[in-house]
Amino acid sequence: DGSAFDGETKSICPFCGVGCQVSVKVRDGRVVAVDGIDGPANEGRLCVKGRFGFDYVHHPHRLTRPLIRRDGAPKGMNVDPADPLTHFREVSWDEALEAAAAGLRGRGREVAGFGSAKCTNEEAYLFQRFIREGFGHNNVDHCTRLCHASSVAALLENVGSGAVTATFNEIENADVAIVIGANPVENHPVAATYFKRFAKRGGRLIVMDPRGQALKRHATHMLQFRPGADVALLNAIMHVIVDEGLADRQYIEAFTENWAEQEAHLAGFAPETVEDLTGIDAETIRTVARDFAGGTAGMIFWGMGVSQHVHGTDNSRCLISLALMCGHVGRPGTGLHPLRGQNNVQGASDAGLIPMFLPDYASVTDGAVRDRYAALWGSELAAERGLTVTEIMDAIHTEDIRAMYVLGENPAMSDPDLTHARAALSKLDHLVVQDIFLTETAMYADVILPAAAFYEKRGTVTNTNRQVQMGRPAIAPPGEAREDWRITRDLARACGLDWDHDGPADVFAEMAQVMPSLANITWERLEREGAVTYPSFAPDDPGQPIVFGDGFPRAEGRARFTPASVVPPDEQPDAEYPMILTTGRQLEHWHTGSMTRRARVLDAVEPEANCSLHPATLRKFRIAPGGDVRLTTRRGSVTLMAREDRAVAPDMVFLPFAYVEAAANLLTNPALDSFGKIPEFKFAAVRVENP
Ligand code: SF4
């Protein structure tokens, strides 16, 4: 009943990359309900996180005043978020900004910055500008490095654009679809409703994942392949397509390059030769190949099960090749779609929170690009690529990086090999953290700047579908907390930059001057229309859900086949660590848990750190379902509750990464994909014990 509320505001769900539009209902200055409205991605739908995960904004742990570490207070994971004043003292904004700036000013290349996909496009843009302009280098990155960096690397290399080629809603026009290395029912639940509807009307849904999942019930084929065998499996599927003459030769001829090399490479991947490695029999591989190539319109969706491997870029190369060879790109019901994990990870990447790229993936090594920015910003830019998230942690250990500005990211939970990452954070001379809670990373900070939550600020965000959408404030920030754009601007000024932005609209206008993707998308349009998909070809064009129907943004308009060889996981099980650990998310909790574990309903449903093992594994170790299990890898050990789950193979453990009390990333392997520089979160050798 709308009359029960003082007001309601249209905004965007702050969690996953689906970007559901919501109506935020407010009473007495508090958010009391959230409903789905008719956004282009969600058409009124919401999942449990969007509907019930809002009251973290009123949690008593919210940071409401700037904090400075007390003299002599130790850095580290020993601060109670309910009582930060044991280690920090409250100060005025002037004092905090001056202290933050004093530790950064004049330090040039010793400074690094982690921006955030939790923030708006305008905030991401200002953040990367601050690091680049303020410190004269490109050591700025964000969590895309930990989720889809390898997918973006492969897409840029082979398609010429890092974004999806079609919205996920296009599955309505498909007759076959692959979902691989993703668990959308839990991680992109509203997108999953479209996938289920597709299957219900007879679409052939092919799910491939080393772990079983709820989407299996709707699938024509469920291929539960051996972890790390993705490249072999995908090459074998492509081998069959070539071998049985199912490839779309006309499309290949018209729109691609390097086919001869790809075809020759695939000759070595007969399905029989990969049966043992993949755990999938040759006949099933053949059937799936025929189904996908034989479809009139096919889509491929993938998640971090594909991207978070040392061969993550190769996995995406295979998926791109598979779509291209079937001509499943650029038409209704076709496309390549890496499902983005955060509210604005597409937008933060587009806005330039990447060490190799200025906004819209303009290379920092391109002199003409740098000249354009120099003219706009009034300062020279560095030509060298900067360090990535995990490289920055290594550079702290070697004392090349001595100071950091972290906005909304939580590397003390999200980096691989947390012992290494936390040691790095404690080693910094100066750490400034800007966030809404005293995160685990903030526990290492020298200065903490309290920020506004998503429903407390205005700004644009770009979802997995390339839809730029307007987020609006429903309530005021608590205490003295401020919007992130404003804090970054004031810190930049305190560091000596002559910035005069007076609001997000102003920043958006500056972005539109240098970002071709924003052509025909204005702040006023977004205020009026709520969402515009890029590219938009005219001021009244709502944008293009499907791109590349008439060629690709590469030389001669051709996409490329890049053959991929099998690269095994970095670490193999052995006598000491005989099982395989894989990590991921659960429906109720989002990423490092700082928000959803402070949302009453979500925390009540899933309150305790847990992992999942096959019943036979639990029996073998004499662990009762619900009892404790100890997991140990070469990097660390955690003890937590064991769940029985037949979806997990008997030699595997699935460990969600939202729980600080049993942090998954104490165990994960920091080995990187050599192209996308993404860590291998999806495969580590682990020992399982009854504690
Ligand atoms: Fe929010 Fe994603 Fe759920 Fe939509 S599907 S309500 S964006 S978490």
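Looking only at residues in the range 654-691 that are in a helix (DSSP H, G or I) and not small (Gly, Ala, Ser), which one is most open to solvent (accessible area, probe 1.4 Å)?
Glu661
Residue-wise test of (1) crowded, with 19+ Cβ neighbours inside 10 Å; (2) part of a loop (DSSP other than H, G, I, E, B).
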| residue | (1), (2) |
| --- | --- |
| Glu263 | no, no |
| Leu277 | no, no |
| Arg286 | no, no |
| Arg290 | no, no |
| Val306 | yes, no |
| Asp314 | yes, no |
| Leu324 | yes, no |
| Gly330 | yes, yes |
| Leu336 | yes, no |
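It is to be established whether one or more residues within the range 359-368 are closer than 17 Å to Met515 by Cα and surrounded by 24 or more Cβ atoms within 10 Å (Cβ to Cβ).
Yes, some residue in the range 359-368 is closer than 17 Å to Met515 by Cα and surrounded by 24 or more Cβ atoms within 10 Å (Cβ to Cβ).
In this structure, is Val34 closer than 18 Å to Leu407 by Cα and within 16 Å of the ligand (Cβ to nearest atom)?
Here the answer is no, as Val34 does not meet what is asked.
Tally time: how many residues in the range 504-534 are in contact (Cβ under 8 Å) with a residue 40 or more places away in the chain and part of a loop (DSSP other than H, G, I, E, B)?
Number satisfying all stated conditions: 4.
Considering the range 533-548 alone, what residues qualify as being in contact with an Asp or Glu (Cβ under 8 Å, 6 or more places away or on another chain) and farther than 17 Å from Val159 by Cα?
Within the range 533-548, just Pro542 meets the criteria.
Only one of these conditions is not met by Asn343: (1) open to solvent by 10 Å² or more (accessible area, probe 1.4 Å); (2) touching a residue at least 40 places away in the same chain (Cβ under 8 Å); (3) assigned to a loop (DSSP other than H, G, I, E, B); (4) not small (Gly, Ala, Ser). Which number is it?
Here Asn343 meets the rest and fails (1).
Scan the range 4-31 residue by residue and report those that are within 7 Å of the ligand (Cβ to nearest atom) and in contact with a strand residue (DSSP E or B) (Cβ under 8 Å, 6 or more places away or on another chain).
Selection gives Cys13, Gly19, Cys20.
I'd like to know if the range 422-434 contains one or more residues that are within 19 Å of Tyr659 (Cα to Cα), touching a Leu at 6+ places or on another chain (Cβ under 8 Å) and aliphatic (A, V, I, L, M).
no
Report yes if some residue within the range 92-104 is open to solvent by 20 Å² or more (accessible area, probe 1.4 Å), under 21 Å from Ala451 (Cα atoms) and within 16 Å of the ligand (Cβ to nearest atom); otherwise report no.
No, that holds for no residue.
Would you confirm whether any residue within the range 57-74 is surrounded by 16 or more Cβ atoms within 10 Å (Cβ to Cβ), within 16 Å of the ligand (Cβ to nearest atom) and not polar (S, T, N, Q)?
Looking for residues that are surrounded by 16 or more Cβ atoms within 10 Å (Cβ to Cβ), within 16 Å of the ligand (Cβ to nearest atom) and not polar (S, T, N, Q), one finds at least one in the range 57-74, hence yes.
I need the full set of residues from the range 295-318 which are under 18 Å from the mean Cα position of the chain (by Cα) and not aliphatic (A, V, I, L, M), in order please.
Answer for the range 295-318, where residues must be under 18 Å from the mean Cα position of the chain (by Cα) and not aliphatic (A, V, I, L, M): Phe301, Trp302, Gly303, Gly305, Ser307, Gln308, His309, His311, Gly312, Thr313, Asn315, Ser316.
So, in the range 38-47, how many residues would count as being more than 11 Å from the ligand (Cβ to nearest atom) and surrounded by 19 or more Cβ atoms within 10 Å (Cβ to Cβ)?
Total satisfying the criteria: 1.
Looking only at residues that are over 19 Å from Asp435 (Cβ atoms) and basic (Lys, Arg) in the range 91-125, which one is nearest to the chain's Cα centre (by Cα)?
Per the stated criteria, the residue is Arg109.
Just need a number here: residues in the range 230-241 that are over 30 Å from the mean Cα position of the chain (by Cα) and closer than 21 Å to Gly330 by Cβ.
1
Quickly run through the range 572-629 and pick out the residues that are in contact with a helix residue (DSSP H, G or I) (Cβ under 8 Å, 6 or more places away or on another chain) and acidic (Asp, Glu).
Glu588, Asp603
Just to check your reading of the model, which residue among Leu381, Leu376 is touching a residue at least 60 places away in the same chain (Cβ under 8 Å) and either closer than 30 Å to Ala247 by Cα or assigned to a helix (DSSP H, G or I) (or both)?
Sole residue among the options that is touching a residue at least 60 places away in the same chain (Cβ under 8 Å) and either closer than 30 Å to Ala247 by Cα or assigned to a helix (DSSP H, G or I) (or both): Leu376.
For the range 414-457, give me the residue count where each residue is over 15 Å from Pro81 (Cα atoms) and part of a helix (DSSP H, G or I).
14
Would you mention how many residues in the range 66-104 are in a loop (DSSP other than H, G, I, E, B) and among the small types (Gly, Ala, Ser)?
Residues flagged as in a loop (DSSP other than H, G, I, E, B) and among the small types (Gly, Ala, Ser) within the range 66-104 amount to 5.
Among the helices (runs of 4 or more DSSP H) confined wholly to the range 144-246, which include 3 or more residues that are at pLDDT 95 or above and surrounded by fewer than 21 Cβ atoms within 10 Å (Cβ to Cβ)?
Once the helices (runs of 4 or more DSSP H) in the range 144-246 are filtered for at least 3 residues that are at pLDDT 95 or above and surrounded by fewer than 21 Cβ atoms within 10 Å (Cβ to Cβ), what remains is 189-200.
Return the only residue of Thr596, Thr562, Thr533 being open to solvent by less than 60 Å² (accessible area, probe 1.4 Å) and over 30 Å from Glu483 (Cα atoms).
Unique residue meeting the criteria: Thr562.
The values are calculated or read from the model by the stated rules, or taken from the named source; none is laboratory data. Given the structure is predicted, the values throughout are model-derived calculations rather than measurements. Cβ: placed from backbone, ideal geometry, glycine included. Neighbour counts: every protein chain shown. Each accessible area value is taken on the protein alone, full model and side chains, heavy atoms only, with ligands, DNA and RNA left out. Shrake-Rupley method; radii C 1.70, N 1.55, O 1.52, S 1.80 Å.
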